[in-house]
Amino acid sequence: MTTSDTQNPETNQTKNGYLVLASRMIFDEKLPVRFMYKTVPEHLNDTGWRLYTGYEAPEYLEDDIANMATVPMDKITNLDPSLQSLLEYNAGTVWERTPDCTEWQRVYDFKIPTASPDVEITNDLGRFSVKEEDLDI
């Protein structure tokens, strides 16, 4: 028994935007996408997909403003039609393909990076008390 994409619990849940964040190596060096994951979209136009060549060094990835490009999903699928069916999957999905293989493989042991706010936990109640003279009332 087959199910349509609308019935597949792994697709169509986080399908709001039309933009992906892709390594500039895909465009500047004409390298193929070999690793991709979907995070929770950051805004309405974001699909949540992050695409890489697999050759990005950690230093390269640290400067995401200079080295990542926001591009329409259509542009990526025109470059590589094999991405089309994968882009339907939900947040939390990770895919890769090795240079000697054309088939995509699902990855289950990659921890998707998330932006984490700086949070300080304390049990010191004195840090939460405010003196009246400190207030601008």
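Calculate the spin-label point distance for residue 18 paired with residue 85, positioning each point 7 Å from the Cα along the beta-carbon direction, and give it in nanometres.
According to this spin-label approximation, the distance is 2.5 nm.
Give me the net charge for the shell around residue 97: Cβ to Cβ below 12 angstrom, other residues only, Lys and Arg +1, Asp and Glu -1. Provide the component values of the computation, followed by the final result.
Numbers: positive: 34, 106; negative: 80, 96, 100, 103.
Net local charge, residue 97 excluded: -2.
Residue 25: net charge of surrounding residues, Cβ under 14 Å, Lys/Arg +1, Asp/Glu -1, itself excluded?
Numbers: positive: 24, 30, 34, 50; negative: 28, 29, 56, 59, 63, 64, 80.
Local charge sum for residue 25: -3.
Specify whether the C-alpha gyration tensor of the stretch 45-103 places it in the rounded, prolate or oblate class, a ≥ b ≥ c being the square roots of the eigenvalues: rounded for a/c under 1.5, otherwise prolate if a/b is larger than b/c and oblate if not.
Numbers: a/c = 1.63, a/b = 1.19, b/c = 1.37.
Oblate.
Relative to the present Cα-Cα distance, how much length would full extension add between residue 66 and residue 106 at 0.36 nm per residue of separation?
So the chain would gain 11.5 nm between residue 66 and residue 106.
Label points 7 Å out from Cα along the Cβ direction at residue 75 and residue 59: separation in nm?
For the pair residue 75/residue 59, the computed spacing is 2.7 nm.
All of the numbers you see were taken from the coordinates with simple rules; none came from a lab. None of the values given here were measured: they were computed from a predicted structure. We place every Cβ from the backbone using ideal geometry, glycine too, and count neighbours over all the protein chains shown.
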